[in-house]
Amino acid sequence: MTMGGLTLSVRGDVLVAEIDHPPVNALSALVRAKLVEMLARLGAEERLRGAVITGAGGCFIGGADIAEFDRPPEAPLLPDVLAMIEACPKPVAAALHGAALGGGLELALACDVRVAEPGTRLGLPEVTLGLIPGAGGTQRLPRLCGVSAAMRLIGTGERLGAEAARALGVVDEVAADAVGAAMARLGAKRRVSALAVPPEAPDEILAAEAAALKAGKGRPAVRAALAAVRNAAALPFAEGLAAERAAFLALRASPEAAALRHMFFAERAAQRLPAALRAAPRLVEEVAIIGAGTMGLGIAQATLEAGFGVVLFDTDAGKRAQAGETLRARLAERAAAGRIAPALLSPLRLTLAAGWDGIAPADLVIEAVFEDLAVKREVFGQIDLHAKPGAVLATNTSYLDIEAIAAATARPQDVLGLHFFSPANVMKLLEVVNTPSAAPGLAATGMAFGKRLGKHAVLCGNGFGFLGNRIYNAYRTQCEFMLEDGAWPEEVDAALEAFGFAMGPFTVADLSGLDIAWRMRTSQAATRDARVRHVPVLEALCEQGRLGRKTGAGYYTYANGQHSAGSDEVVRGTILAASAARGIVRRTLEPAEIVRRALAAMVNEAALLLAEGVAARASDIDVVLVHGYGFPRFRGGPVQWARTQDRAALARDIDLIEAATGFGFRRGPLDLLLTETLP
Ligand code: COA
């Protein structure tokens, strides 16, 4: 019998309840209500000796329905359903496969028996959503695996394989036929809540707690999760449960949890192309990469690790040989650490090509040479001569006009931007830049390729700097204005780091080197309108040989690689001179003003990008800033931040940056940005 959300069948004397609620069998109100009905039937029918709960499709249960967290709770609540399972006089087993996460694992923990199929992933990832488990997970899990293991799992949100879960006592058995094995194990009731927490050395608990706090950067959810797990050993079950629920409800209402939920859905929305671009992707198996520099190597590594065949082309024989050795060593290291399948190395699908004809077999060619339009156009002329018909031709440019590059070929319909971030084998962001000339299916091919690399691929239109660099430029420019207005680099950096950025903008600039921006600014100097506010500090530093960390000095100094606490007299003098030249009376900028101005610059640029269609949807911008630019995930990106601000205050901040910028400022349509919903 199908009840919608749950399918019941009777096997012998056991009731089998299969949760059937695509895509991931989330425990929505409907499913919870059906579980209550199922328990009533189990209790009422004498011929039934117990029940097995399982899931239809690819997984057991993907968790609570995350979308419901934004709405008032709807009865029956999950903790109540789980209490009914425990109170039921007949035993209930959980048969797990695919994923048993969050509320799904909590449900399994409330059962008397747990059997998992090989390949099941189990976990309580609530902290990654700014929450803690709210249906007994923090109280039941430690009763099975001990406090320190529970702290590790709940405090970091780590996912366990089936065998590891069995070794910890979280599941009773791993079996290919989990339902059959669970039926065989249905015997007496065995309530996890009635078990005692196994004793452990206090040192072990302290170490587990410290490790989880460190991994979770001490965020409130992590602290609450650890406290809740501690309670399991200190309080009676009912009291621990009540404390857990109270902490869960408080966190659920927090802006941080709302921001993390936003990111969860934003990351998934980013994978969906707008209707007009949806098409079958081209088949990609062999990838050619042009250029064995840092970027080319990183892209080659990511591509090899994803199981593609790679041809790495470079005209420099020394660089080529070195690249081969480096890639082999890096992949061997990753395999030894268990991060990639050892089979990827035997044999490594890497060919080093000395001539252009080497790229002929490639389905996808990725150019990763020097960032210069003339150089790239020349390379694309060669690619056009040697790539096979139908191959996708991609450029890894971070700013340049893709169509100007495509025009160097006779097949602009096959040219696409794939903007990787450095180091390309580590950074999870990939900007997929589509042009109006691109053939149907080209953007889809780029997105599918990004997904196979395990990256967050985000579609962008072909505008200068695409999404990320365009926003970052607006932000960085505003931060430079603040130097002239009265702040020191360390004040700007400290304010933004306190907001949650991994690094402030001047620390980032020093790390990536000031010379790239110097070159660009110098090339623009001749055509720059004299009325445009331009802060000449970076150029002045570069002229003194201060190119950033690599030269031992930039905005900061780096004696023995140590970042100085503040800027030195040279930098301060340069900044003071810039302020004086502009006739600015310097004033103190409070951290709050620094943060609001820097973010308002991002928000305004985001509104422009959305209006111009460079961004397909507002939330894509958040995915880009969080995964490519160190924007704190717990704040959800600049768009989510803007949407939680007072509207009038935000408009005033934009007035402020308009006044600070002066000539040439373009105001973005804030209403559009704030009200757009995910398409
Ligand atoms: N609640 C609501 N929707 C969920 C969900 C949940 N717990 N988990 C997944 N979904 C939705 C996704 O939004 C996506 O929807 P879309 O197709 O409309 O974009 C769809 O289910 C598929 O999810 P996706 O992550 O793309 O599928 P997958 O097969 O790669 O992974 C999971 C499946 C379950 C492993 C993964 O979705 C996951 O980790 N989910 C979150 C688990 C979690 O944090 N649970 C704790 C909740 S308290």
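Each reported figure results from applying straightforward, stated rules to the coordinates on display, with no laboratory input. Note that the structure is a prediction, hence the values are computed from the model and not measured. Glycine gets a Cβ as well: all are built from the backbone with ideal geometry, and neighbour counts include every protein chain shown.
For labels at L195 and M427 in the simple 7 Å Cα→Cβ model, what's the distance in nm? Simple spin-label model gives 4.5 nm for this pair.
Restricting the GluC sites (Glu not before Pro) of the range 9-50 to loop positions (DSSP other than H, G, I, E, B) with no more than 16 neighbouring Cβ atoms within 10 Å leaves E45, E46. Take every DSSP beta bridge with both residues inside the chain and express the antiparallel ones as a percent of the total, to the nearest 5. Antiparallel bridges make up about 30 percent of those DSSP assigns within the chain. Its Cα gyration tensor gives the chain an equivalent ellipsoid, and the semi-axes of that ellipsoid, as √(5λ) in whole Å with the largest first, are 49, 32, 24.
For the pair A343 and L656, what calculated FRET efficiency results from E = 1/(1 + (r/R0)^6), where r is the Cβ-Cβ distance and R0 = 45 Å, to the nearest 0.05? Don't skip to the end; give the middle numbers.
On the way: r = 57 Å, r/R0 = 1.27.
Efficiency for this residue pair is about 0.20.
Cα centroids of the range 242-283 and the range 460-519: 27 Å apart.
Among DSSP beta bridges lying fully in the range 6-253, give the percent that are antiparallel, nearest 5. Spell out each step's value before the answer.
Details: 9 of 29 bridges.
Bridges in the range 6-253 that DSSP calls antiparallel: roughly 30 percent.
Each of V585, L608, G664 was scored by the projection of its Cα onto the charge dipole of the range 567-679, and the greatest displacement toward the positive side belongs to V585; charges sit on the C-beta of Lys, Arg, Asp and Glu.
Are there any chymotrypsin sites (Phe, Trp or Tyr not before Pro) in the range 615-649 that are in a DSSP loop and have at most 13 other Cβ atoms within 10 Å? List them by number. Could the numbers behind the result be given before it?
Working: sites: Y629, F634, W641; in loops: Y629.
Hits after loop and neighbour filter: nothing returned.
For the peptides 361-368, 441-448, 590-597, the ranking by mean Cβ contacts within 10 Å, running from highest to lowest, is 361-368, 441-448, 590-597.
Among the GluC sites (Glu not before Pro) in the range 244-300, those placed in a DSSP loop whose Cβ has at most 12 other Cβ atoms within 10 Å are E285.
Around the Cα centre of the range 469-675, unit charges on the Cβ atoms of Lys, Arg, Asp and Glu (plus for the first two, minus for the last two) sum to a dipole of about 340 debye. Size descriptors for the range 6-253 (Cα atoms only): Rg and Dmax, in that order, 16.8, 53 Å. Between the C-alpha center of the range 125-160 and that of the range 332-353 there is a gap of 34 Å. Rounded to the nearest 20, the Cβ-based charge dipole of the chain about its Cα centre (Lys and Arg +1, Asp and Glu -1) stands at 600 debye. Given in Å, the Rg to one decimal and the Dmax to the nearest whole number for the Cα atoms of the range 469-675 are 16.7, 50. Within a straight-line Cα-Cα reach of under 14 Å, K455 can be paired with the following aspartates and glutamates, leaving aside sequence neighbours fewer than 8 residues apart in one chain: E267, E305, E431, D620.
Restricting to DSSP H runs of at least four residues, report the calculated mean residue ellipticity at 222 nm for the chain, -39500 (n - 2.57) per run over all residues, nearest 500 deg cm²/dmol.
Details: 27 runs with 318 residues, N = 679.
Computed mean residue ellipticity for the chain: -14500 deg cm²/dmol.
Distance from the alpha carbon centroid of the range 621-676 to that of the range 1-31 works out to 44 angstrom. Projecting the Cα positions of A243, G296, A269 onto the charge dipole of the chain (unit charges on Cβ atoms of Lys, Arg, Asp and Glu, taken about the Cα centre) puts A243 furthest along the positive direction.
Put simply, when 81-87, 101-107 are sorted by average Cβ atoms within 10 angstrom per residue, most first, you get 101-107, 81-87.
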